[in-house]
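*Asks:* After the structure tokens below, expect a handful of questions from me.
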Amino acid sequence: MYRYVAPRKSAILPAGQWNSIDVECARPQIKVTPNGELIVDLDQSTVPELRQKPLAGYLCLQNYGVNIEFRSIRVRDLAGSSLGSGVSSSAVPPVRPGSVRTPVN
């Protein structure tokens, strides 16, 4: 998404410190909050390059060729919030390079 919409500011901690990030996708609203600071809050349908992107799909964690570690990854279904019904929550096990990803709806 960052190729289409610039963040409001950089909220990333220095190397060697753990960052936290919340990404909320509530069709078509998208919010990105690293380390408690909201840096992206947009309606996907208002950005021409994002308008035709799917509202459901795969969850992918990536890096850019440097060592990186992920911990305490949680995926929560927002259907139980004010958007719908039935909350579920699950921890996601570590993913090894080349393993199959599971779609998130």
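Derivation of every value follows stated rules applied to the coordinates shown; laboratory data play no part. None of these values were measured; they are calculated from a predicted model. For neighbour counting, all protein chains shown are included, and Cβ atoms are generated from backbone atoms with ideal geometry for every residue, glycine included.
*Asks:* Calculate, in nm to one decimal, what Glu24 and Tyr2 gain on full extension: separation in residues at 0.36 nm each, minus their alpha carbon distance.
*Replies:* Here the segment from Glu24 to Tyr2 would lengthen by 6.4 nm.
*Asks:* Ok, one more. Mind sorting Tyr58, Tyr4 by how few other Cβ atoms lie within 10 Å of their own Cβ, fewest first?
*Replies:* Ranked by crowding around the Cβ, least crowded first: Tyr58, Tyr4.
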